[in-house]
């Protein structure tokens, strides 16, 4: 009987120390650096928190899109200038051929 | 009207050295601006990288105001003086203003996606900007129908004048009806970090140079176009077969 009691007490002590160790380890995880925590664990979230908007990509699209618009307008100006030159050349030819 | 070669646009097509100098200064200012925006200016605490859209968005809005204001001034003076010179200013202003408005309406929603979670909000300032862009868009649609006659020019000038009061609506809508649009640079806002100021000022200067250069170029092209049309009409009137 004494042996059983001794074994039971030993088991309870090991269990208690184990639980205490686990709890203190969890506290340590909660207190550690969030960046390190992100690197070590994956946690599921739902709702609005689930979405992360990539700011860098949006910035690249904004600046890239703006330059596309600017270059498109410059190309249009170039075309208008070329059309003027063509019409002027045709006009000169026409006037020269009709000159008295 | 004389049809001598000296009166044709070919002589006017010589480009001023100042035009080249302005182009070079503008390109340099843009390069410096990009360096200041992406290397010197700090990343904003709340918004992160997407806040850097601000340096492009705000000066573009200023370019939009400048372009559309000049369009309205040109339209008003055209209706008063009936000179094609003012019509050219009105067309150039409308195009340049609409180009900058397109940049504003592109970059704003991209910023809003991060800040508000949606690309578009029917905020007073955003809505009034879209409405004004539609008016000046109508101006450009009207003028894109080919060689404009006097009636089209007058109607377009009236559109430019009608659009002008809406610029004040864009400016003061935030104060009058609040809304979600940021007011960082106005008296209501908290201002920007001192290290962000040089990038913003440099971008403003770059956009100013670019707007002037674009207006100059567009006015020049429009004036040439007007001169060609005038010579063609005169040649046709004299029966020289100038219509091409």
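Read the figures in this text as sums done on the coordinates, not as results from a lab. In this text the structure is predicted, and so the values were computed from the model without any measurement. Neighbour counts run over all protein chains shown; Cβ positions are idealised from the backbone, glycine included.
At a 10 angstrom cut-off on C-beta neighbours, averaged per residue, how do the peptides B:51-59, A:73-81, B:102-110, B:208-216 rank from highest to lowest?
Sorting B:51-59, A:73-81, B:102-110, B:208-216 by mean packing, highest first, produces B:51-59, B:102-110, B:208-216, A:73-81.
Pop the C-beta distance of residue A:77 and residue B:81 into the FRET formula with R0 = 35 Å and round what comes out to the nearest 0.05.
0.85
How far is it, in nm, from the label point at residue B:180 to the one at residue B:46 when both lie 7 Å from their Cα along the line to the Cβ?
Reported label-point gap for residue B:180 and residue B:46 is 1.4 nm.
Report, as an integer, the average count of C-beta atoms from other chains found within 10 Å of each Cβ along B:98-111.
Across B:98-111, the average partner-chain Cβ count within 10 Å equals 4.
Using 0.36 nm times the number of residues separating residue B:230 and residue B:150, minus their current alpha carbon distance, what extension gain do you get?
27.5 nm
Report the residue, chosen from B:133, B:158, B:21, that carries the largest GNM mean-square fluctuation when chain B is represented by alpha-carbon nodes joined by springs under 10 Å.
Among B:133, B:158, B:21, the largest GNM mean-square fluctuation belongs to B:21.
Can you give the average number of partner chain beta-carbon atoms within 10 Å of each beta-carbon in peptide A:91-98, as a whole number?
Whole-number average of other-chain Cβ neighbours for A:91-98 is 6.
Once you sort the root eigenvalues of the Cα gyration tensor of the range B:86-244 as a ≥ b ≥ c, which label holds: rounded (a/c under 1.5), prolate (a/b larger than b/c) or oblate (the other case)?
Taking the square roots of the gyration eigenvalues as a ≥ b ≥ c, the range B:86-244 is prolate.
In peptide A:81-90, what is the residue-averaged number of other protein chain Cβ atoms found within 10 Å of each Cβ?
5
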